[in-house]
Amino acid sequence: MKKISDLRIETGGITQEELANALEVTQASVSRWEKDQLRINGENLIKLALYFDVSVDAILGIEDQITKD
């Protein structure tokens, strides 16, 4: 899985709190996703893909390329 923390850094270093606000989840959820302590549900997986402009497959580590062409 592409690390959410890596995606945050690649998009200008947004904070967990900023990402949480954008996705309408708690900062604790983002932290737990990054630590693989909490599974990302389908709805939030789609929100992450749209937010970072990557495919769901990229976030799940199914494809090598993390940005959409």
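Of note:
- Backbone geometry of the stretch 5-20 corresponds, through the Karplus equation with coefficients 6.51, -1.76 and 1.60 at θ = phi - 60°, to 3J(HN,Hα) couplings of 4, 5, 5, 4, 5, 5, 9, x, x, 5, 7, 4, 5, 4, 5, 4 Hz, x marking Gly and Pro.
- Using only side-chain charges placed at the Cβ, +1 for Lys and Arg and -1 for Asp and Glu, the dipole size of the stretch 14-66 relative to its Cα centre rounds to 220 debye.
- Theoretical gain in end-to-end length, Asp36 to Leu60 [0.36 nm per residue, Cα-Cα removed]: 7.4 nm
- Here the chain exposes an accessible surface that is 47 percent carbon and sulfur, computed with a 1.4 Å probe and the other protein chains kept in place.
- The residues of the chain expose on average 64 square angstrom of accessible surface per residue, using a 1.4 Å probe on protein heavy atoms.
- Charge dipole (the chain, unit charges on Cβ, about Cα centre) - positive-most of Val30, Ile46, Gly13: Val30
- Every Cα-Cα pair in the chain was counted, and those over 14 Å apart are 54% of them.
- Once the chain from Ile46 to Glu18 is taken as fully extended at 0.36 nm per residue, the excess over their C-alpha distance is 8.4 nm.
The values are calculated or read from the model by the stated rules, or taken from the named source; none is laboratory data. Bear in mind the structure is a predicted one, so any value in this text is a computation, not a measurement. Because the Cβ atoms are built from the backbone with ideal geometry, glycine has one as well, and the counts that use them run over all protein chains shown. Heavy atoms of the whole protein, side chains included, go into the accessibility calculation; ligands, DNA and RNA do not. Shrake-Rupley method; radii C 1.70, N 1.55, O 1.52, S 1.80 Å.
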